[in-house]
Amino acid sequence: MPIGHVTRGTTGTNRLRRVDRWIAALPALRTADDPLVVDLGYGASATTALELRARLARVRPDVRVHGFEIEPERVRVARAQLEREPAAVRERVRFDVGGFEMPLPRGERPAVVRAFNVLRQYDESEVHDAWETMLGRLAPGGVLVEGTCNEVGRVASWFDVEAPGPRTFTISLHLGSLDSPLVVAERLPKTLIHHNVPGEPIHDYLRALDDAWRREAPRGTFGARQRFVAAAERVRDAGWPLVDGPRRWRLGELTVRAEAVLPH
């Protein structure tokens with residue numbers, strides 16, 4: 001039996017474009033001997049899984065995507081959608097019934113697992129075991145990307161999880177419509193969302209980012225990108241261990257070492 005429960009399955013075109021772009025830059029994908037990527041819990045249609053393959057193929061033309069869903073009807077729908085794709089796509093994408101155990105063919109181990117908007121619908125107490133199960137299926141040096149986003153993909157956050165645990169935490173925001181970075185509070189991964197309260201690291205981090213964003217309001221004259229870059233510099237200078245730089249900040253993305261924001 002698949003490990004996990006059936007989730008709502010909501011999906012949409014371009015919803016996961018931000019995390020896909022981030023995955024495309026991962027060394028775990030770019031240097032993998034076998035660039036197999038699992039899309040775990042892809043939802044009610046094949047849309048985001050097919051988009052994932054198309055985006056990753058720009059940097060790894062030989063990438064393969066294997067989608068898993070617990071609900072058999074979703075697998076049937078995805079397979080029917082795949083049949084309408086060109087042969088070159090059909091050869092590189094597959095859909096099957098499965099959960100966190102990811103029943104791949106013998107000998108196959110993914111370089112990357114994308115599990116988005118899945119664990120958000122679980123109890124926090126279930127997250128650790130789900131992570132452990134997925135990490136156990138990864139190829140050596142593989143990465144689990146686990147997080148959530150809003151319905152149109154303009155607000156997202158995720159963990160980069162490797163054995164033995166989370167390595168980084170990323171916030172990704174659409175700067176053109178951004179009023180406050182605190183908007184991400186409703187789209188935090190399950191591990192963090194209930195800990196966004198005074199005294200917890202994630203609360204302090206988001207408040208520091210929001211304070212920096214507001215202090216850099218005059219920079220808005222030059223555009224939201226310049227303002228966000230300046231805010232990120234403030235956050236870094238305040239001692240938060242950011243691991244990226246202006247190139248990604250201009251995209252509205254900010255990555256910090258995970259230990260800085262994990263619950264006490």
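The values are calculated or read from the model by the stated rules, or taken from the named source; none is laboratory data. Owing to the predicted nature of the structure, the values given are computational and were not obtained by experimental measurement. For neighbour counting, all protein chains shown are included, and Cβ atoms are generated from backbone atoms with ideal geometry for every residue, glycine included. Heads up: the accessible areas ignore ligands, DNA and RNA and are worked out on the full protein's heavy atoms, side chains in. Shrake-Rupley method; radii C 1.70, N 1.55, O 1.52, S 1.80 Å.
Looking only at segment 1-21, filter to residues that are in a loop (DSSP other than H, G, I, E, B) and charged (D, E, K, R); which one of those is surrounded by the most Cβ atoms within 10 Å (Cβ to Cβ)? It would help to see each step written out before you state the result.
Residues of segment 1-21 that are in a loop (DSSP other than H, G, I, E, B), as a first pass: 1-16.
Checking which are charged (D, E, K, R) leaves us with 8, 15.
Values: Arg8: 10, Arg15: 23.
Residue satisfying both the conditions and the ranking: Arg15.
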Given the conditions (1) at pLDDT 95 or above; (2) buried (at least 18 other Cβ atoms within 10 Å of the Cβ); (3) within 27 Å of Leu254 (Cβ to Cβ), which single one is not true for Ala54?
(2)
Would you pick out the residues in segment 139-153 that are under 18 Å from Tyr42 (Cα atoms) and either aliphatic (A, V, I, L, M) or surrounded by fewer than 21 Cβ atoms within 10 Å (Cβ to Cβ) (or both)?
Val143, Leu144, Val145, Asn150, Glu151, Val152, Gly153
Looking at (1) surrounded by fewer than 18 Cβ atoms within 10 Å (Cβ to Cβ); (2) out of contact with any Pro (no Cβ under 7 Å at 6 or more places or on another chain), find the lone condition where Glu200 falls short.
(2)
Go through the residues of segment 204-225 one by one and say whether even a single one is under 30 Å from Met134 (Cβ atoms), open to solvent by 30 Å² or more (accessible area, probe 1.4 Å) and touching an Asp or Glu at 6+ places or on another chain (Cβ under 9 Å).
no
Among the residues of segment 22-50, what is the count of those that are in contact with a Lys or Arg (Cβ under 7 Å, 6 or more places away or on another chain) and part of a helix (DSSP H, G or I)?
5
Just give me the residues in segment 244-261 being under 19 Å from Glu162 (Cβ atoms), surrounded by fewer than 16 Cβ atoms within 10 Å (Cβ to Cβ) and more than 16 Å from the chain's Cα centre (by Cα), in sequence order.
Glu259
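Considering every residue within segment 65-83, establish whether at least one is under 19 Å from the mean Cα position of the chain (by Cα), open to solvent by 30 Å² or more (accessible area, probe 1.4 Å) and either within 20 Å of Met1 (Cβ to Cβ) or not aromatic (Phe, Trp, Tyr) (or both).
no
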Pairing a residue in segment 235-264 that is aromatic (Phe, Trp, Tyr) with any residue that is open to solvent by less than 60 Å² (accessible area, probe 1.4 Å) and modelled with pLDDT of 95 or more, where Cβ atoms lie under 8 Å and the two sit 6 or more apart in sequence or on different chains, gives Trp240/Tyr205; Trp240/Ala208; Trp240/Val256; Trp240/Ala260; Trp249/Phe228; Trp249/Val229; Trp249/Ala232
Tally time: how many residues in segment 191-200 are in contact (Cβ under 8 Å) with a residue 24 or more places away in the chain and either within 24 Å of Leu175 (Cα to Cα) or touching a strand residue (DSSP E or B) at 6+ places or on another chain (Cβ under 8 Å) (or both)?
3
If you go through segment 176-184 one residue at a time, do you hit one that is hydroxyl-bearing (Ser, Thr, Tyr), within 28 Å of Val118 (Cβ to Cβ) and open to solvent by 50 Å² or more (accessible area, probe 1.4 Å)?
yes
Residue check, Asn117 against (1) open to solvent by less than 10 Å² (accessible area, probe 1.4 Å); (2) polar (S, T, N, Q); (3) in contact with a Cys (Cβ under 8 Å, 6 or more places away or on another chain), all met but one. Which one?
(1)
For segment 31-48, which positions are open to solvent by 10 Å² or more (accessible area, probe 1.4 Å), touching a helix residue (DSSP H, G or I) at 6+ places or on another chain (Cβ under 8 Å) and not polar (S, T, N, Q)?
Ala44
